[in-house]
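A.B. asks: The structure follows.
Coordinate-derived values only; no laboratory data. Predicted model only: the values in this text are computed from it and were never measured. For neighbour counting, all protein chains shown are included, and Cβ atoms are generated from backbone atoms with ideal geometry for every residue, glycine included.
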2 protein chains.
Amino acid sequence: MTPLHGANTIGGMPSATGEQHFESVNPATGATGDVTYTDATPMEIHAAVHAASQIATADSRFNREQRATFLENVARELMDLGEPLLAVADWETALGRTRLASERDRTIHQLRMFAADVREGSYVDAIIDTAEPQRRPVPRPDLRRMLFPIGPVAVFGAGNFPLAFGVCGGDSAAAWAAGCPVIYKAHPSQPQTSELCGQAVLGAMKTQGLPGGWFSLLHGADDAVGRELVRQPELEAVSFTGSLAGGRALFDEAAARPRPIPVFAEMGSLNPLFVTPGSLTMRSTRLAEDLAASVLLGMGQFCTKPGLLVVPDMPVTDDMIDAMIRHMEQHPGGPLLNRRIRDNLRRSLDSTLATGDVTCLTGGTVPDEPGWRFRPALLQTTAAHFLADDVLLAEHFGPVGLLIRCPDMTAMADVARRLGGQLTATIHIAAGETGLIRPLLDILQRKAGRIIFNGVPTGVEVCAAMMHGGPYPASSQAQASSVGITAVRRFLRPVAFQNTPPELLPGLLQNENPAGILRLVNGEYTRKPLPE
Amino acid sequence: MTPLHGANTIGGMPSATGEQHFESVNPATGATGDVTYTDATPMEIHAAVHAASQIATADSRFNREQRATFLENVARELMDLGEPLLAVADWETALGRTRLASERDRTIHQLRMFAADVREGSYVDAIIDTAEPQRRPVPRPDLRRMLFPIGPVAVFGAGNFPLAFGVCGGDSAAAWAAGCPVIYKAHPSQPQTSELCGQAVLGAMKTQGLPGGWFSLLHGADDAVGRELVRQPELEAVSFTGSLAGGRALFDEAAARPRPIPVFAEMGSLNPLFVTPGSLTMRSTRLAEDLAASVLLGMGQFCTKPGLLVVPDMPVTDDMIDAMIRHMEQHPGGPLLNRRIRDNLRRSLDSTLATGDVTCLTGGTVPDEPGWRFRPALLQTTAAHFLADDVLLAEHFGPVGLLIRCPDMTAMADVARRLGGQLTATIHIAAGETGLIRPLLDILQRKAGRIIFNGVPTGVEVCAAMMHGGPYPASSQAQASSVGITAVRRFLRPVAFQNTPPELLPGLLQNENPAGILRLVNGEYTRKPLPE
């Protein structure tokens, strides 16, 4: 493992000219890391985006095959970092080696998935309408359209997925797949993990001789670094995973630019989970176990943690809740990722309990131990209370679940109607209850990006059909997914070519279709060349 | 023809409770129309959006077949309005019956195109990844994703296309095709045309028994009506065609909402047109005629009017320019659409000429005649002047073209590099010049939504491969087109269903695929049902 230097990487080269410094902190012990990082300066930020902009033109080094190879090389370099990467990531996050190893595997899977998709090529959404010179009153021109890279993309790393949404994570991979240079802003809790992953990227760039502008890595404990990045005139898009406050601040910054740019921010979500009477009756033991496990997974620091558990008020409900309490109390607990998350969680929990309408059934305290520990909490209220108080719509980011007891399905629908946009909504039903829950489903379908049946929302499958996003505040752009191959579309925009000489057309739009991609040609989807 | 009432249409019913009134004005004579219109009040605006929101749920009346039939019915009703529609539109716009008849035909073509696309169904972009229960360490879930309507859409009508971007125009048609109710804000220059087209919509709704919330029509001479509309909490998206100032105001309003919503604003564009030395030498006479005609079309009031004519400085250049001047002076001229456009055009022209670096070769004056007349203007400057003064980057919306004489292709590339986002960029080349213009093409491809060769940018073909949009300020959302079937995507968002009982899945995601739409199933595009 190459020693860590603590500098930013600007256009491929280390740079640390700033005067603000920070170290990462071990969440389990509160100990300070032994590498000092330097906040990127406005000059360095400008240089990073400018270097990206300079290479964001048509360049033979950035053709599809080269990009696919690059993604595969990053995957290999990431794997080659081996155990030391997991050790550093565990030191900075306390998420555990097992979880981090599986997260690394997911990261590698994502890189290879985008590589395969870029190599196949149909993602460019090619549409061809050929000319009709004889048409009256005016001839129909030849029009051919496909997607092109949008330009330099700023990626804000997610603290809760240090690898899968880290430097080599899904957002970077999607941007590179699209053909966009990445300026990555590292999460200040994980500078060492970020620097290590950055080594993997630089290694892959070196193998292919890619120019430095293809990747920059910025550090910054101060939010000003991120705001300065979003203000850069040559930046074309922003992706972000994190808190509502953080995402909205970047969204506002981007919207206020002289030339606004899109912000794909994946932010807060309550991820409501509804249980029907039939399902509760049939499966209360299993539900108690599954729901507790989903709330506790990764110390509740999942974007898709089920924060609201909407259950019918029945005799068996208390049994299920008792079982959930036992599961949660058996959990060893553990540290949260950083002080900010711990303090925000305590604050949001205090606000919820201060309403007087919510009971804390277990946990919610901060043990007198080192690090950012927190005892997982299960809260309980009624539909009537929930519907009467907006405070209860706040997210608790961490291992906290709020049970909402409902007298009937009408109350459940009322709870659903009260919710804002969500990444996910989950419904547990028994056989024969599809008619019963259809009204609820109709409501949830208008609010969520993904609907799950008889499962838990945590565990986001990386596949083409995934939708990870949703109406605000789940994300700032409800039309985009940050997981799966469709995530690449965030960083593409269409250009149409009219009556263009064949030799000036991009290869994927030429008659021959040598790559055999799927194209919509005169209204028919086909992989064939155009007839002569 | 049903008499015009001058009221707003709120959830299908006439309403005119406001106290601010206005009439349309004949641009050719300055005469005032004989129907008085009433600005929509905040209460009416709220009622319109609320009525739309109430019906924006799953409803069997809004299935694909019903929407396709609705679009076709609107087309028929619009045609049935016959000559009186053209007479009213001509009175309010002075665009002429011939142009308006062809615009009506385009509008009908658009409605039918969207109808066909909705009926076919593949636009929902269905993606299915089936379960792998045996996968380790965790089973792969069944995931199925498709696009759903985003909800109530506000459409701001374009003054320069009273029919094709009017009440029954492309934006409304795309929203209805997507399954979204429309709240249409009429352009204050064309309230009568808008009310007539609204009759066509209401007629089509009546035929099918659609609820009133499906369509509202708001009038307002005051910009406050539009801002109030964009602020409505239940609104989900905005589309707009018009000026940069108007579009940006709505964009800012939407971004500042507690819950931001997307704004698809198609705004200003210079539509640069480049002529190579070879092309000028070969075709100077034809170029003079075509360029003049494109600048003059519809009195220059096209989003895609070529505003910058970038030409090589050669002996033949003066001949071409002389011929252009003759064509422009032979043009009978005509009124602009309204006083605001005329006054803005005079102001922008004055600013341009005040730089001292631009010569007015012909026109640019306001004749002492009734109405909003203006003499088409041809301006000239050099690349050096153009590159030195930001004032010359301003749009002249109207029949004004600015010639930029360039000493060589390097100067042309410098001019291209200086430009902001554009709807279109046009290149005229002769045979054998493809190598010469490749650097220019690389620059323009990063700036424009559509590249045209050896033609003019005016005349936007309505087809699948069209891209009408571009980087800011051409549009507020460079990833969307407002023309062609892809325009429907602006009003859709994906929802994924995980492990969902077949009877609760939307029909298009069920195994059987009865509609035979194209779906991406486990990585393969197919119209077949899923294997048992």
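A.B. asks: Report the closest approach of any chain B C-beta to the axis of the B-to-A rotation: residue and distance, in whole angstrom.
C.D. replies: B:A255, 2
A.B. asks: Could you go through segment B:360-374 in sequence order and give the Karplus-derived ³J(HN,Hα) for each residue, using 6.51 cos²θ - 1.76 cosθ + 1.60 with θ = phi - 60°, rounded to whole Hz, and x for Gly and Pro?
C.D. replies: Values, residue by residue: 8, 7, 6, x, x, 9, 10, x, 7, 9, x, x, 9, 6, 7 Hz.
A.B. asks: Separate question: Could you tell me the center-to-center distance, by alpha carbons, between segment B:316-351 and segment A:454-495 in angstrom?
C.D. replies: 48
A.B. asks: Show the residues, 5+ positions off or on another chain, whose built amide H is closer than 5 Å to the amide H of A:A464.
C.D. replies: Long-range HN contacts for A:A464: A:I485.
A.B. asks: Sort B:D357, A:D142 by Cβ crowding within 10 Å, fewest neighbours at the top.
C.D. replies: Placing the least packed residue first, the sequence is B:D357, A:D142.
A.B. asks: Residues with amide H under 5 Å of B:A31's amide H, sequence separation 5 or more or different chain, H placed in the peptide plane at 1.01 Å from N; which?
C.D. replies: Hits under the 5 Å cutoff: B:N26.
A.B. asks: How far is helix B:339-354 tilted, in degrees, relative to the longest principal axis of the Cα atoms in chain B, given as a value from 0 to 90 rounded to the nearest 10?
C.D. replies: Value to nearest ten degrees: 50.
A.B. asks: Looking at chain A, I'd like the Rg to Rh ratio, where Rg is from alpha-carbon atoms and Rh is Kirkwood's inverse mean 1/r.
C.D. replies: 1.01
A.B. asks: For segment B:67-174, count all C-alpha to C-alpha pairs, find those more than 19 Å apart, and express that count as a whole percent of the total.
C.D. replies: Value for segment B:67-174: 57 percent of Cα pairs lie more than 19 Å apart.
A.B. asks: At a threshold of 8 angstrom on Cα-Cα distance, excluding pairs fewer than six apart, so keeping six or more, what relative contact order does chain A reach in percent? Walk me through the numbers before you get to the answer.
C.D. replies: Working: 1164 pairs, mean separation 91.9, N = 532.
Taking the mean separation of contacting Cα pairs over the length of chain A, I get 17 percent.
A.B. asks: Could you tell me what percent of the DSSP beta bridges with both partners in the protein assembly as shown are antiparallel, to the nearest 5? Walk me through the numbers before you get to the answer.
C.D. replies: On the way: 54 of 138 bridges.
Restricted to the protein assembly as shown, the bridges split so that about 40 percent are antiparallel.
A.B. asks: Now, a different point. Which is the longest run of chain A containing none of the trypsin sites (Lys or Arg not before Pro) found in DSSP loop states (not H, G, I, E, B) with at most 16 other C-beta atoms within 10 Å?
C.D. replies: Longest stretch, sites excluded: A:136-526.
A.B. asks: Note the distances from A:T207 to each other copy's matching label point, with points 7 Å along the Cα-to-beta-carbon direction, in nm, sorted shortest first.
C.D. replies: With the label placed 7 Å along Cα→Cβ, A:T207 yields 6.1 nm.
A.B. asks: I've got another one for you. Length gain on complete extension for the stretch A:R326 to A:A431, per 0.36 nm per residue less the alpha carbon to alpha carbon distance?
C.D. replies: Taking 0.36 nm per residue and subtracting the Cα distance, the gain is 35.0 nm.
A.B. asks: When each copy gets a label point 7 Å from Cα toward the beta-carbon at B:G420, what are the spacings between them in nm, shortest first?
C.D. replies: Values, ascending and in nm: 3.1.
A.B. asks: Would you mind listing the distances between the A:G507 label point and the same position in each other copy? Use 7 Å along Cα-to-C-beta, nm, one decimal, shortest first.
C.D. replies: With the label placed 7 Å along Cα→Cβ, A:G507 yields 4.3 nm.
A.B. asks: Take the alpha-carbon positions of segment B:80-137, form their convex hull, and give its projected area averaged over all directions (one quarter of the hull surface) in nm².
C.D. replies: Directional mean of the projected Cα hull area for segment B:80-137 stands at 7.2 nm².
A.B. asks: Shifting gears a bit: Which whole-Hz couplings ³J(HN,Hα) result when phi for each residue of segment B:524-532 is put into the Karplus expression 6.51 cos²θ - 1.76 cosθ + 1.60, θ = phi - 60°, listed in order with x for Gly and Pro?
C.D. replies: Going residue by residue, I get 10, 7, 7, 9, 7, x, 6, x, 4 Hz, with x marking Gly and Pro.
A.B. asks: Let me ask something additional. Report the paramagnetic label zone for A:T365: residues of segment A:310-341 whose backbone N is under 18 Å from a point 7 Å from Cα along the Cα-to-Cβ axis.
C.D. replies: Flagged as within label range: A:325-336.
A.B. asks: Work out the FRET efficiency for A:Q134 and A:D389 from their Cβ-Cβ distance, taking R0 = 51 Å, and round it to the nearest 0.05.
C.D. replies: On the way: r = 69 Å, r/R0 = 1.35.
Efficiency for this residue pair is about 0.15.
A.B. asks: Moving on. Please rank A:M467, B:M146, fewest neighbouring Cβ atoms within 10 Å first, as an exposure proxy.
C.D. replies: Starting with the residue having the fewest Cβ neighbours, the order is B:M146, A:M467.
A.B. asks: Another question, if that's okay. Per the Kirkwood treatment, what hydrodynamic radius in Å, one decimal, follows for segment A:272-380 from the mean inverse distance over all distinct Cα pairs?
C.D. replies: Details: mean 1/r = 0.0684 Å⁻¹.
Final number for the Kirkwood radius of segment A:272-380 is 14.6 Å.
A.B. asks: Relative contact order, percent, of segment B:48-181 when contacts are C-alpha pairs under 8 Å separated by at least 6 residues?
C.D. replies: 32
A.B. asks: Can you give the convex hull volume of the alpha carbon atoms of segment B:273-453 per residue, in Å³?
C.D. replies: Spread over its residues, the Cα hull of segment B:273-453 gives 103 Å³ apiece.
A.B. asks: Answer rounded, prolate or oblate for segment B:471-522, using the Cα gyration tensor with square roots of eigenvalues a ≥ b ≥ c: rounded when a/c is under 1.5, else prolate when a/b is larger than b/c, else oblate.
C.D. replies: It comes out prolate by the Cα gyration axes.
A.B. asks: If you don't mind, there's one more thing I want to ask. Under the rule of -39500 (n - 2.57) per DSSP H run of 4 or more residues, summed and divided by the residues of chain B, what mean residue ellipticity at 222 nm is obtained, to the nearest 500 deg cm²/dmol?
C.D. replies: Values: 14 runs with 195 residues, N = 532.
Dividing the helical sum by the residues of chain B leaves -12000 deg cm²/dmol.
A.B. asks: Residues with amide H under 5 Å of A:T426's amide H, sequence separation 5 or more or different chain, H placed in the peptide plane at 1.01 Å from N; which?
C.D. replies: It is A:L273, A:F274, A:I452, by chain and number.
A.B. asks: Now a separate question. Determine, for the protein assembly as shown, the count of lysine pairs separated by eight or more sequence positions (or lying on different chains) whose alpha-carbon distance falls under 23 Å.
C.D. replies: Value for the protein assembly as shown: 5.
A.B. asks: Residue-wise, which Karplus ³J(HN,Hα) couplings in Hz belong to segment A:136-151, taking 6.51 cos²θ - 1.76 cosθ + 1.60, θ = phi - 60°, and x for glycine or proline?
C.D. replies: 10, x, 10, x, 8, x, 7, 10, 9, 10, 8, 8, 10, x, 7, x
A.B. asks: Let me ask something else about it. Would you compute, for the Cα atoms of segment B:1-55, the largest minus smallest coordinate along each principal axis and list the three values in descending order, in whole Å?
C.D. replies: Here the spans come out as 44, 26, 17 Å, largest first.
A.B. asks: Between helix B:315-330 and chain B, what is the angle of the helix's C-alpha long axis to the longest principal axis, kept within 0 to 90° and rounded to the nearest 10?
C.D. replies: With both axes taken from Cα atoms, the answer is about 70 degrees.
A.B. asks: Report relative contact order for segment A:30-119 in percent, whole number only (criteria: Cα-Cα under 8 Å, sequence separation at least 6).
C.D. replies: RCO, segment A:30-119: 39 percent.
A.B. asks: Using only the alpha-carbon atoms, how far is helix A:97-120 inclined from the longest principal axis of chain A? Give it as 0 to 90 degrees, nearest 10.
C.D. replies: 30
A.B. asks: I need A:D442, B:D39 ordered by Cβ neighbour count within 10 Å, fewest first.
C.D. replies: On the way: A:D442 14, B:D39 21.
If I rank by nearby Cβ atoms, fewest first, I get A:D442, B:D39.
A.B. asks: Related question: Estimate the FRET efficiency between A:R99 and A:A293 by the formula 1/(1 + (r/R0)^6), using the beta-carbon distance for r and 22 Å for R0, to the nearest 0.05.
C.D. replies: Working from the Cβ atoms, E equals 0.95.
A.B. asks: Could you calculate the contour length gain from B:N499 to B:V35, that is, 0.36 nm times the residue separation minus the distance between their Cα atoms, to one decimal place in nm?
C.D. replies: 161.3 nm
A.B. asks: A further question on this structure: Write down the radius of gyration of the protein assembly as shown and its Dmax, each obtained from C-alpha positions, in Å.
C.D. replies: 29.6, 95
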